[in-house]
1. Among the residues of region 222-236, write down those that are touching an Asp or Glu at 6+ places or on another chain (Cβ under 8 Å) and over 16 Å from H180 (Cβ atoms).
2. Would you confirm whether any residue within region 201-210 is modelled with pLDDT of 90 or more and either among the charged types (D, E, K, R) or part of a strand (DSSP E or B) (or both)?
3. Are there any pairs with C-beta distances below 7 angstrom linking a residue in region 74-103 that is in a helix (DSSP H, G or I) to a residue that is among the small types (G, A, S) and at pLDDT 75 or above, with the two at least 6 apart or on different chains, and if so which?
4. Just one of (1) modelled with pLDDT of 90 or more; (2) basic (K, R); (3) in a loop (DSSP other than H, G, I, E, B) trips up K158, so point out which.
5. Name the single residue that is surrounded by the fewest Cβ atoms within 10 Å (Cβ to Cβ) among those in region 161-172 being outside any helix (DSSP H, G or I) and in contact with a His (Cβ under 9 Å, 6 or more places away or on another chain).
6. Just name the residue that is surrounded by the fewest Cβ atoms within 10 Å (Cβ to Cβ) out of those in region 173-209 that are touching a strand residue (DSSP E or B) at 6+ places or on another chain (Cβ under 6 Å) and aliphatic (A, V, I, L, M).
7. Is it fair to say I124 is modelled with pLDDT of 90 or more and under 25 Å from H155 (Cβ atoms)?
8. If a residue must be more than 15 Å from A95 (Cα to Cα), of a type outside the set (V, I, T) and touching a residue at least 60 places away in the same chain (Cβ under 8 Å), how many such residues does region 107-128 contain?
Amino acid sequence: MQQATSLTGPNINADVLIVDDEPAIRDMLAFALQRAGMTARTAEDAEHALHAIADKRPDILLLDWMMPGISGLDLARRLRREDFTRDLPIIMLTARTAEDDRVHGLDSGADDYIIKPFSPRELIARVKALLRRTSHTDAEGRITAGDIILDSESHMVKVKGQTVSMGPTEYRLLEFFMSHSGKAYNRTQLLDNVWGANVYVEERTVDVHIRRLRKALGQHGVAQYIQTIRGHGYRFTPDDSGS
């Protein structure tokens with residue numbers, strides 16, 4: 001995809017899913033997002049949106065309120081009930097202007113609310129603002145946990161300045177762990193969040209990649225960051241003690 005000058009400041013790499021039943025609006029939004037350096041995927045209704053999210057969870061969702069079948073409001077509520085999408089950033093798009101409607105939209109689980117018609121410039125500014133609020137990275141796209149620095153722009157991992165070599169699945173697993181430090185996850189939750197809810201692999205696959213990730217981190221003395229929770233799963237807890 002061609003990287004053009006952003007409409008509102010520096011580009012932010014993000015995967016955005018647009019859910020709207022009007023093709024012209026989907027195309028307009030996708031064009032604006034791509035100009036801002038983002039990846040834009042589209043869905044024409046809630047059913048297609050759920051398939052797209054299961055295939056790959058987006059970084060942010062642009063969701064039309066009024067759609068045939070399942071409304072954007074109902075879809076937002078459903079996404080908030082699922083572990084896989086509970087914290088998915090959502091911007092609601094609607095022509096409703098009443099204060100009660102805006103409150104209703106936010107109460108359904110939307111993080112922000114844009115009234116149609118809106119300019120591409122406003123949309124991009126709102127998307128970037130929400131991504132900054134919900135991102136675990138710093139201004140340069142890095143996540144730091146203990147001695148580990150993960151650079152989401154270059155997809156490089158370093159421990160105490162030394163580059164750590166690992167496969168793409170181990171990288172995604174580490175990125176998820178570092179973004180959710182201190183929280184325990186079972187194997188099913190890790191499969192849903194790292195591999196995708198629509199990918200069917202055995203739970204022991206998680207154990208295989210955990211071992212590979214520990215081996216990569218162990219070469220730099222930080223394998224203990226990944227803890228096994230007996231009878232449950234795993235937890236990432238930065239601990240410089242080495243215990």
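1. Step one: list which residues in region 222-236 are touching an Asp or Glu at 6+ places or on another chain (Cβ under 8 Å), which gives 222, 224-225.
Hits for region 222-236 are V222, Q224.
2. Pass one, region 201-210, residues modelled with pLDDT of 90 or more: 205-210.
Now restrict to residues that are either among the charged types (D, E, K, R) or part of a strand (DSSP E or B) (or both): 207.
Within region 201-210, one or more residues are modelled with pLDDT of 90 or more and either among the charged types (D, E, K, R) or part of a strand (DSSP E or B) (or both).
3. Close Cβ pairs satisfying both conditions: L75/A46; L75/A49; A76/A110.
4. Against the list (1) modelled with pLDDT of 90 or more; (2) basic (K, R); (3) in a loop (DSSP other than H, G, I, E, B), K158 comes up short only on (3).
5. Q162
6. Taking the candidates together, the pick is A184.
7. On the way: modelled with pLDDT of 90 or more: yes; under 25 Å from H155 (Cβ atoms): yes.
Here the answer is yes, as I124 does meet what is asked.
8. 4
The values are calculated or read from the model by the stated rules, or taken from the named source; none is laboratory data. Please read all numbers here as calculations on a predicted model, not as lab measurements. Cβ sites come from the backbone with ideal geometry, for glycine too, and all protein chains shown count toward neighbours.
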